[in-house]
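**Student:** The structure is given below, and queries will be raised subsequently.
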Amino acid sequence: RSLGKILIKNSVLNSIRQVGSVVGHELNHMTDYVNGSYANWINKYGLIKGRAYSEVKAYDWQKSMGASIHEESYNYYLNLTQQN
């Protein structure tokens, strides 16, 4: 159940560019939740892998905006989505 809040750590808000990147990443999750994609992925793949689909989508959005991302986390989630 969602509380309808997006929590962002102060430590990641070092520049306006970084704020936009982090907020955009989190808004991608919100969109997945509201449009039902998140629930569909969880129902189809389970909690861990379902969440990974949302993370990969959000990181891909950041990359498309030219933002730097945490590559280790991205690769972890990407690998989860590619497992059978």
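The values are calculated or read from the model by the stated rules, or taken from the named source; none is laboratory data. Keep in mind that what you see is a predicted model, and the values were worked out from it rather than measured. Ideal geometry is used to build each Cβ from the backbone, glycine not excepted, and the neighbour counts take in all protein chains shown. For accessibility, only protein heavy atoms count, side chains too; no ligands or nucleic acids. Shrake-Rupley method; radii C 1.70, N 1.55, O 1.52, S 1.80 Å.
**Student:** If you take mean projected area of the Cα convex hull in nm² from the coordinates, which of [x] 5.9; [y] 6.3; [z] 5.4 do you get?
**Tutor:** Of the labelled values, this structure produces [x].
**Student:** Once the whole set of protein chains is in place, how much accessible area is left on His29, using a 1.4 Å probe, in Å² to the nearest 10?
**Tutor:** Surface open to solvent at His29 totals about 40 Å².
**Student:** Then there is this: Tell me the net charge near Trp41. Cut-off is 14 Å between Cβ atoms, Trp41 excluded, with +1 for each Lys or Arg and -1 for each Asp or Glu.
**Tutor:** +2
**Student:** When the accessible area of the chain is computed with all protein chains present and a 1.4 Å probe, what percentage of it is carbon and sulfur?
**Tutor:** Answer for the chain: carbon and sulfur cover 54 percent of the accessible area.
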